[in-house]
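The values are calculated or read from the model by the stated rules, or taken from the named source; none is laboratory data. Predicted, not measured: the structure shown is a model, and the values here were computed from it. Here the Cβ is made from the backbone with ideal geometry for all residues, glycine too, and neighbour counts use every protein chain on show. Accessible surface areas use protein heavy atoms only, side chains included; no ligands, DNA or RNA. Shrake-Rupley method; radii C 1.70, N 1.55, O 1.52, S 1.80 Å.
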Amino acid sequence: MKKNHKTAFHDNDNKTAQLYIKVRAIENVFTIVDNKRTFLKSSPFKMIGNNWHEPVDDPQIAIYTQYGAKNTHKNTYGTARGYTHAGLDIFALEGSNVYACLDSEVYEIQKWTRKTGKSGYGHNITLKVKIPQEIRNRRREYTLAYTTDKKQGNSFNPNSNVFYLRYAHLGDILVKKGDKVKTGDVIAKSGISGVIDGTKDPHLHFNIYSDVKSNTYLVNPAYYVYWKEIGDLTKADKKTQKDRMDEGLKVDPAPKLSKIK
């Protein structure tokens with residue numbers, strides 16, 4: 001079966017050009033006919049028709065837990081912790097760039113003050129997505145990685161007209177409430193804020209909500225973030241995570257607020 005794919009692009013002079021690509025589709029394998037390039041429907045090269053940027057560079061599952069246990073399944077969206085862990089823990093060394101996944105407005109910023117016995121999400125940012133269709137377009141086919149993983153909360157609506165993205169455990173916040181951000185803008189630096197006892201597992205905790213910023217409206221972000229699962233990690237990926245784990249517990253006593261007074 002052959003299909004023609006047409007897309008439009010615009011330059012700074014508001015001129016429009018049409019690009020035609022002849023694609024052959026056989027089940028889940030797609031081939032660009034002219035240059036024989038082949039990709040899988042479920043691969044990172046899937047054509048999705050929007051401007052999505054991953055929340056961090058080279059997103060990958062965090063292998064270890066806070067104290068260094070190799071319980072990788074506890075870092076997915078699911079019930080492996082005895083309660084619903086409501087997001088993805090995406091490995092991110094402290095100070096890594098954190099990006100706006102789509103054009104959005106900064107809907108909420110929550111600041112964290114270190115207090116004995118108080119933990120949680122730490123510094124975190126919630127974005128309200130400007131064009132809901134871009135979230136709907138992004139959704140992919142995905143097989144839950146572990147038996148304890150969940151698909152979504154009871155109230156999540158994949159066809160909603162409102163979506164929120166939440167980024168947590170940040171080390172620095174580079175935007176303020178009400179800011180308009182573009183896809184790929186650096187909105188924060190990753191960190192370990194909110195983890196009162198420190199961690200051997202620095203990560204970005206990432207949530208996606210529909211309709212309302214509430215747990216029942218959450219979805220497993222792995223349907224949208226093309227992250228490396230444990231079997232996809234390279235030797236270099238594993239070494240980077242193990243080296244950081246071997247450095248031991250670290251605490252961030254004073255996360256930054258570069259753009260907030």
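Quick notes
- For segment 147-152, 3J(HN,Hα) per residue [Karplus equation, 6.51 cos²θ - 1.76 cosθ + 1.60, θ = phi - 60°, Hz, x = Gly/Pro]: 5, 8, 6, 10, 7, 5
- Charging the Cβ of each Asp and Glu at -1 and of each Lys and Arg at +1, and nothing else, the dipole of segment 179-255 about its Cα centre rounds to 160 debye.
- Rounded to the nearest 10 Å², the accessible area of Leu249 at probe 1.4 Å: 80
- Taking all protein chains as they are arranged and a probe of 1.4 Å, the heavy atoms of Lys238 leave approximately 90 Å² accessible to solvent.
- Three-way shape label, segment 114-251, alpha-carbon gyration tensor, a/c 1.5: oblate
- The aspartates and glutamates within cross-link reach of Lys213, meaning a Cα-to-Cα straight distance under 20 Å and a gap of 8 or more places when in the same chain, are Asp89, Asp103, Glu105, Glu108, Glu134, Asp179.
- Fully extended contour minus Cα-Cα distance, from Asp58 to Thr143, at 0.36 nm per residue: 28.6 nm
- Computed P(r) (all Cα pairs; segment 176-261; 10 Å bins; percent): 13, 30, 40, 16, 0
- With the simple spin-label model, which puts each label point 7 Å out from Cα in the Cβ direction, the Lys151 to Thr234 separation comes to 3.5 nm.
- Across segment 88-186, Cα-Cα pairs more than 23 Å apart make up 37 percent of the total.
- For the residues Arg166, Arg244, Arg139, a 1.4 Å probe over the protein chains yields an accessible-area ranking, largest first, of Arg139, Arg166, Arg244.
- Rolling a 1.4 Å probe over the protein heavy atoms leaves Ser155 with an accessible area of roughly 50 Å².
- Pairs beyond 21 Å (Cα-Cα), from Lys128/Lys182; Lys118/Lys177; Lys115/Lys259: Lys118/Lys177; Lys115/Lys259
- Probe 1.4 Å, all protein chains present, accessible-area order of Asp185, Asp197, largest first: Asp197, Asp185
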